[in-house]
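A quick write-up on the structure given underneath.
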Amino acid sequence: MEDSLRETVYSEYVEAWKIHEKSSPEEKPFENQYAALKKLEKIHASLEEELSDEGIIMKASLEHFIGKIHYTSEDRPSAVQSLQKSLRTLEANLFDNRALAIFMKATNDLAIIYCEREEYSSSYALLKQGEKVYEEIGEKSIPLSSIWDSWEILKPGNERNTADGRKDAFEEVYTHTLFYLSQTCQNLGKVGESSDYCGRCLHRQLRTISSKEDFQQFSLHAACLGQYYLTTDDYLSAKTCLLAANRIFAQVDTVSSDDGEFGRKIEETRNDIKRCWIKYCVAFLEWSSKKLAMRSVAAELEAIEDAQPQQSAIKFDLERFSKYEDECQNIPSKAVHVLPEANKIHKLTQKLCEKSLEFFKFDGYVMDHVEISQDLSKSWKNLAEFDTNFERRCKMHKRRIDLLTPLVAGLNPQYYLQVVRQLQYEIGEVYSEMTELKMAIANNDEVPTVHQIKKINVLANSGIKFFTGFIDSCREADKKLPKRFEKILVRPVLMAHFHVARLYGKMISPVMSDRVDWTKKSWQAYKTILMFCEQDPSAKDEIPDEYDLVIEMDALMPQKLQQLN
């Protein structure tokens, strides 16, 4: 390329850049962008006959810049055309160190547009190509410090990047590639792959984050990644992510909520991380309680599994960040088996929930407040599984009742119908569990005391009340239940009737008319289940374990009524 052409390209490019950077008038929001486009297109036309590698890469750089301007001026179709053209122009010179950054940036920018159009498969394929190119750079031993940034080909040597600057810039571009891959995989339902890319992205970000804003965002993303590992019962990896979130967030934890918008964001992040720890503790206790039940039937297998060394799927290099005392450090990642160990985790959960509820108050954060309360309720439930004393178990479940019942009273079903239904059903389940426990306690005695009978009946009646409230909330305007329910409601409605039937069957009375009445109501609940399954044959697939029992109880009820009469 002749020096005169190179100098002309440079001077015109600088002028176009200056115009592009100026703010446009409010009445013509993209005036300067359009003016810059005209100049860039003129420069591109002057290179039309240039066939040298330098000239071709210059054209690709200009096409990428033109595509970016089209994007910011909200002309997506033209942006796609320019970015695709830039990628095609680079095909023959892809691994030229002057071209690689242009290719990676154009790939990322085009993938973003595909995602905006919900063309996730196209975005995924493009980003995977970018990932492959980055891997090939390593295979070809191309130093990252030698890869020019996308604009360097248009500038003279004295204005180009340093070796370190080039490496940092290219690494940042690839980090963005991984981030977009994570988002695209999430939209494609590739959850495991998405979490892998997210972890790699976070690991790379640790090398460069330095501002309070960086620390805040990293902490939140790391905590959220930990939630994925909970879904796979990988508690060591989940804990690794959450501890990293704690340590990085500690770098900005001194910011007050009074410090403007960023202060409020910090306060929200602080409480969001707490909530992620709550989710960890609740899920961990539930997992441990299930393993405890398995231990009784497969003790040897469980012992072998517990003895296996744990290895985290993700690691973070946190050495350059200041240390601090973290009370969560001692939370285990291997299943606990005894009540004292479980109680330690529950107490921490309780403490975290109380702190979070101070921020997510019922008046202002209704949904968050309810969810945190439900998490604490689950923690009490999971803790109860470790206790062999039925009286103490009942007291734990009573804590759940005291926690959840005021929420139902405080919510307007007109606006929070789904939440009210969830709470009614859960409270019904708690009363049903307490009824079972009280009956087990009474059965240890030869004859139940009057107090025990009264308590069982009160608990059963309370359970029936909340399950009936749940069922009634599903009625149509004419107060009748629909013949077919939404898929999400089929099992809960059938199980609510199942619980009602069983609770009526557990009530005790010396009065024959009471027993006959309760038996009829129990039978009616079983018949209602069979009626729904007849109207919607697929419904019985929602209750495979209970359906056979319902048929059996329906057949036995006439005989039971005959005996009572």
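Within the same chain, aspartates and glutamates fewer than 8 places from Lys42 are excluded, and of the rest, those with a Cα less than 15 Å from its Cα are Glu7, Glu12, Glu15, Glu50, Glu63. With R₀ set to 45 Å, the beta-carbon distance separating Val450 from Gln329 gives a calculated FRET efficiency near 0.30. Label-to-label distance for Lys344 and Tyr34 is 6.9 nm, based on points extended 7 Å past Cα in the beta-carbon direction. Rounded to the nearest 10 degrees, the angle from helix 512-535 to the longest Cα principal axis of the chain is 30 degrees. Dipole magnitude for region 457-542: about 140 debye, using +1 per Lys or Arg Cβ and -1 per Asp or Glu Cβ, origin at the Cα centre. Between Asn461 and Ser145, the contour length at 0.36 nm per residue exceeds the alpha carbon distance by 106.4 nm. The alpha carbon centroids of region 364-390 and region 478-508 are separated by 24 Å. For region 433-455 versus region 308-335, the inter-centroid distance based on Cα atoms is 46 Å. Length gained on full extension, Lys132 to Asp317: 64.1 nm, using 0.36 nm per residue less the C-alpha separation.
Charging the Cβ of each Asp and Glu at -1 and of each Lys and Arg at +1, and nothing else, the dipole of region 39-158 about its Cα centre rounds to 160 debye.
On the basis of the beta-carbon distance and an R0 of 25 Å, Lys480 and Asp517 show a calculated FRET efficiency of 0.60. Under 10 Å from the Cβ of Ala313, count the other residues' Cβ atoms, weight Lys and Arg +1, Asp and Glu -1, and hand me the total. So the environment of Ala313 carries a net charge of -1. Extending 7 Å from the Cα toward the beta-carbon at both Lys361 and Glu159 defines two label points whose distance is 5.6 nm.
In this model, which of Lys85/Lys140; Lys239/Lys274; Lys128/Lys167; Lys105/Lys140 are farther than 23 Å apart at the alpha-carbon? Among Lys85/Lys140; Lys239/Lys274; Lys128/Lys167; Lys105/Lys140, the Cα-Cα distance tops 23 Å for Lys85/Lys140. Rounding to the nearest 10 and keeping the result within 0 to 90°, find how far the Cα-based axis of helix 413-443 lies from the longest principal axis of the chain. Taking Cα atoms only, the helix is inclined about 40 degrees. For Lys465, the accessible area of its heavy atoms, probed at 1.4 Å with every protein chain present, is near 140 square angstrom. A protection proxy built from the mean count of other Cβ atoms within 10 Å ranks the segments 401-407, 140-146, most packed first, as 401-407, 140-146. Between Lys42 and Asn389, the simple spin-label model (points 7 angstrom out along Cα→Cβ) gives 8.8 nm. Keeping the other protein chains in place, figure out the carbon and sulfur percent of the accessible area of the chain, with a 1.4 Å probe. Here carbon and sulfur together make up 50 percent of the probe-accessible area. Think of the chain as having a plus end and a minus end, set by charges on the Cβ of Lys, Arg, Asp and Glu; of Ala223, Val490, Asn271, Val490 sits farthest toward the positive end of this dipole. On a per residue basis, region 476-565 carries 60 Å² of accessible surface, using protein heavy atoms and a 1.4 Å probe.
Measuring only protein heavy atoms, the 1.4 Å probe finds His203 accessible over about 80 Å². For the chain, the longest principal axis of the Cα atoms and the long axis of helix 191-205 meet at an angle of about 50 degrees.
Could you point to the label whose value was computed as Rg/Rh (Cα atoms, Kirkwood Rh) for the structure here, given (i) 1.00; (ii) 1.11; (iii) 1.04? Step by step, Rg/Rh (Cα atoms, Kirkwood Rh) for this structure corresponds to label (ii). Evaluated over the Cα positions of region 26-91, the convex hull gives a direction-averaged projected area, one quarter of its surface, of 4.2 nm².
Counting 0.36 nm for each residue step from Asp472 to Glu534 and taking away their Cα separation leaves a gain of 20.3 nm. Nearest 0.05, what FRET efficiency do Lys398 and Gln310 give at R0 = 25 Å with Cβ-Cβ as r? E between Lys398 and Gln310, to the nearest 0.05, is 0.10.
Farthest toward the dipole's positive end in the chain, which of Met396, Val511, Ser333, given Cβ charges of +1 (Lys, Arg) and -1 (Asp, Glu) about the Cα centre? Value computed over the given set: Val511.
When the helices of the chain are scored as -39500 (n - 2.57) per DSSP H run of n ≥ 4 and the total is divided over every residue, the value at 222 nm lands at -25000 deg cm²/dmol. For region 55-107, the solvent-accessible area works out to 34 Å² per residue, with a probe of 1.4 Å and every protein chain left in place. I'd like the distance between the alpha-carbon centres of region 168-222 and region 341-358, rounded to an integer number of Å. Using only Cα atoms, the two centres lie 30 Å from each other. Is region 55-145 best put as rounded, prolate or oblate by its Cα gyration tensor, with a ≥ b ≥ c the root eigenvalues, rounded for a/c under 1.5, and otherwise prolate when a/b is larger than b/c, oblate when not? Since a/c reaches 1.5 but b/c is at least a/b, the shape of region 55-145 is classed as oblate.
The values are calculated or read from the model by the stated rules, or taken from the named source; none is laboratory data. Since the structure is predicted, the reported quantities are computational estimates derived from the model, not experimental observations. Positions of Cβ are generated from backbone atoms using ideal geometry, with glycine treated the same way; all protein chains shown enter the neighbour counts. Just so you know, the surface numbers come from the protein's heavy atoms only, side chains and all, with ligands and any DNA or RNA stripped out. Shrake-Rupley method; radii C 1.70, N 1.55, O 1.52, S 1.80 Å.
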